[in-house]
1. Answer yes if at least one residue in region 156-165 is out of contact with any Asp or Glu (no Cβ under 8 Å at 6 or more places or on another chain) and surrounded by 18 or more Cβ atoms within 10 Å (Cβ to Cβ), and no otherwise.
2. Please go through region 109-165 and pick out each residue that is of a type in the set (Asp, Glu) and within 18 Å of residue 77 (Cβ to Cβ).
3. Pull out all pairs, ordered by first then second residue, where Cβ-Cβ is under 8 Å, the residues are six or more apart or on different chains, the first lies in region 61-78 and is of a type in the set (A, V, I, L, M), and the second is assigned to a helix (DSSP H, G or I).
4. Pick out the one residue from 20, 35 that is loosely packed, with under 13 Cβ neighbours inside 10 Å and either out of contact with any Phe, Trp or Tyr (no Cβ under 6 Å at 6 or more places or on another chain) or among the small types (Gly, Ala, Ser) (or both).
5. Could you tell me whether any residue of region 131-141 is more than 17 Å from the chain's Cα centre (by Cα) and either of a type in the set (S, T, N, Q) or assigned to a helix (DSSP H, G or I) (or both)?
6. Name the strands (runs of 3 or more DSSP E) wholly inside region 38-117 in which the number of residues that are under 17 Å from residue 7 (Cα atoms) and not hydroxyl-bearing (Ser, Thr, Tyr) is 2 or more.
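Readers should treat all values here as calculations from the given coordinates under stated rules, not as data from a laboratory. Note that this is a predicted model, so its numbers are computed, not measured. No Cβ is skipped: glycine too gets one built from the backbone with ideal geometry, and neighbour counts run over all protein chains shown.
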Amino acid sequence: MRKIIEYTLVSVDGVFSGADISGFFEYRDDAYMRDGLGQLLACDAMLMGRTTYEGFAKLWPERTTHPWTERINAIPKYVFSSTLEKAEWTNSTIVRGDVVAEVTRLKQQAGRDLLIYGHGLLAETLLNHHLIDVLDLSIHPLVLGQGKQFFRQDATAALKLVTTKSFSKGIVKLTYEPRH
């Protein structure tokens with residue numbers, strides 16, 4: 001069975017979205033970029049919600065110099081949305097219906113792992129339904145003080161730390177496996 005890997009960038013105070021997270025970019029070194037590309041190449045497909053899809057579909061097809069561009073544009077993308085009309089970005093498929101059932105079906109197919117970037121509604125739903133197998137948190141050495149927190153109030157999860165990596169500009173990548 002394929003694993004679902006969530007890869008999320010987060011500040012030290014737990015912010016992953018909604019604030020000025022553009023400061024995250026200055027902390028990336030070559031080793032960090034290679035690590036992320038290796039993970040992307042090891043996976044067969046990406047899972048996305050509508051918001052992530054719309055943002056990525058505007059950004060990645062136009063990027064020409066980023067080391068991940070070719071792979072992100074080529075990889076199959078499953079977009080979970082009840083409102084998205086069409087998905088024109090290369091290798092994108094809209095998935096409607098019961099998210100948990102559809103993701104369970106994708107996990108059971110033959111192939112390599114599935115990757116989710118960010119902790120939006122899709123990833124949160126999958127974590128709550130015990131479908132996330134690996135949680136990679138890329139902790140950036142910033143305190144943002146505002147923005148979307150990784151875990152909502154009253155959210156709970158038991159996690160087992162499996163690996164840590166540190167990078168020269170202060171990013172620490174913590175890899176957890178949720179304990180269900």
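1. no
2. 113
3. Every condition considered, the pairs that remain are 72/40; 72/56; 72/60; 75/40.
4. 20
5. Checked region 131-141: no residue is more than 17 Å from the chain's Cα centre (by Cα) and either of a type in the set (S, T, N, Q) or assigned to a helix (DSSP H, G or I) (or both).
6. 43-49, 77-80, 113-117
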